[in-house]
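The values are calculated or read from the model by the stated rules, or taken from the named source; none is laboratory data. Worth saying up front: this structure is predicted, and the values here are computed from it rather than measured. Because the Cβ atoms are built from the backbone with ideal geometry, glycine has one as well, and the counts that use them run over all protein chains shown. Surface areas here come from the heavy atoms of the whole protein model, side chains and all, with no ligands, DNA or RNA. Shrake-Rupley method; radii C 1.70, N 1.55, O 1.52, S 1.80 Å.
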Amino acid sequence: MTFLPYTDSVESPHPDEEKTFDELQATMHRLSTLMYDRYRHATRPVHAKSHGLLKAELTVHPNLPEPYAQGLFSSPNTYPAILRISTVPGDILADSISTPRGLAIKILNIPGPVLPSHSPNTTQDFVLVNAKSFPAPDAKAFLKLQHIIEKNANDPELFKELVSNLARGTNAVLGLVGAQSTTLAQLGHPETNPLGETYGSCAAIRFGNYIAKIIVEPSSQNLKDLFNKHVDVNFHFSGLRDAITEFFKTQTAQWTVKAQLCTDLKSMPVEDPSIEWPETQSPYHPIATLTATPQDSYSPARRVYVDELLSFNPFHALEAHRPLGNIMRARKKTYEASSQFRHTMNGHPLTEPQSISDLPD
C-alpha cells in the first residue's frame, strides 16, 4: 500500500475563506454571549457540558511500521493525558435531550517542535466526536448550520426534547420540522453510555511525512460492553456524568488509538471532511493505547480546572500533526476567540498544564 506523502500543496485554501471564518467567528461569539447572559457564566460555544474528566496515559505501541511511526508516535513511550468527555451543544441541556458526543484529549510533555501559535507549550490536543465524518463539507456550509442553531438558540428545552425523541424514532419525522431538520437531526443520538463510543477526528491532520485521520475506539471488554448500552436519564439532568462516575469508581478503561493514512486526495480529500475515507482503501492501524484507571472522574476541583481553566484546540499541536483542510483552518480563529472570551468573562487565566499533577484528584 502506497501512502500519499505530505506536502503543503495537499491543502487548497478557498479564495474567500477568511471572510467566511470571520462570519463564523462572529456567529459563535453571538452564541457565546447569549449563553453568558443565560447562565451568567461563559461556556464553550460547542461541547459546553462535560460528563467525564479523566486522568489517563497514552502508550505508543512499539515496532510500528515506518508510515505510522510519525510525530508523537515515532517511538514507543508513555505520556500523561487529560480526557474530557462531553456533548456537542453550546448550551447545557438535560441529558434526556440526546446529542452527539465528544472526546477531547490533551497529551502532556510531548517531544519535538510545536506550531508557532502553541509555543512554548508542550501539549498535543486531539478533538474528536463520535463520527468518522463531519456534518458539513466546508466552513461556508457549517456557517449555515450555525445560523440555524443561533436562530433556535432560545427554543424551550421542552421543544428540543420533543425533537430529540422524534429523531430517536425516525429521521423522516424531522422532515415535518421543515428547514430546521438538518441541524435538529443532530439531536437524535440515543441515550447510551458515552464510554462505549468510537470517536474520530473527522478532519485530516498532518501525520509526519503523511496525512491521516485519527479514531479512538474501546478496546477493554468493559468499554465494548457499553456500546449502545442504555442509560436511564429520565429525571436525571446529569445521568451521563453519573454513569461515567460510577464506572470509574472501580474499573479501568482502555481505548485503542488508530490512524488511517491517506492514499489518494480524490477519494480521501483533505478539504472536505464530510467524506468518510474508505477503509477498504486504507484501514485504520493501531498506534497507541489510552488507559484510565479508577478515579473520581468529576470531582468539584477537577471540574473547575478542566472546564474553567483549560482549552482544547486542534492547533495545540506538534508541527508534525498540524490540522489540515478548510474546517480545521476555520477552527483556529473561532477556537482562539471563543477561548479568550470564556476566560476573560469568567476571570480565569487560560492555563496549559505543565505536569499531570496539575490536574486535581
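Brief remarks follow.
- Applying the Karplus relation 6.51 cos²θ - 1.76 cosθ + 1.60 with θ = phi - 60° to segment 110-116 yields 3J(HN,Hα) values of 7, x, x, x, 9, 4, x Hz, where x marks Gly and Pro.
- Distance from segment 54-101 to segment 111-135 (C-alpha centre basis), Å: 10 Å
- Pairwise label distance in nanometres, Asn228 with Asp8, each label 7 Å out on the Cα-Cβ vector: 4.8 nm
- Ligands, DNA and RNA are left out, and with a 1.4 angstrom probe the accessible area of the chain is 42 Å² per residue.
- Relative to the Cα centre, the charge distribution of segment 1-87, modelled as +1 at Lys and Arg Cβ and -1 at Asp and Glu Cβ, gives a dipole magnitude of about 780 debye.
- With the convex hull of its Cα atoms as the shape, the chain has an orientation-averaged projected area of 17.3 nm².
- Carbon/sulfur fraction of accessible area - the chain, other protein chains in place, 1.4 Å, %: 56 percent
- Estimated purely from DSSP H runs of n ≥ 4, each contributing -39500 (n - 2.57), the mean residue ellipticity at 222 nm for the chain is -7500 deg cm²/dmol once divided by its residues.
- Length added when fully stretched, Lys151-Gln221, from 0.36 nm per residue minus Cα-Cα: 20.9 nm
- In segment 225-361, the C-alpha radius of gyration followed by the widest Cα-Cα span (Dmax) gives 18.8, 49 angstrom.
- Segment Ser75..Arg303, full-extension length gain: 78.8 nm, with 0.36 nm per residue of separation and the alpha-carbon distance subtracted.
- With the charge dipole of the chain set up from +1 on Lys and Arg Cβ and -1 on Asp and Glu Cβ about the Cα centre, the Cα lying farthest toward the positive end among the listed residues His29, Gly102, Pro135 is that of His29.
- In Hz, Karplus ³J(HN,Hα) per residue of segment 46-60 (6.51, -1.76, 1.60; θ = phi - 60°; x = Gly, Pro): 9, 6, 5, 9, 8, 10, x, 10, 10, 8, 9, 10, 9, 10, 6
- R0 of 35 Å, Cβ-Cβ distance His285-Ser357: FRET efficiency to nearest 0.05: 0.60
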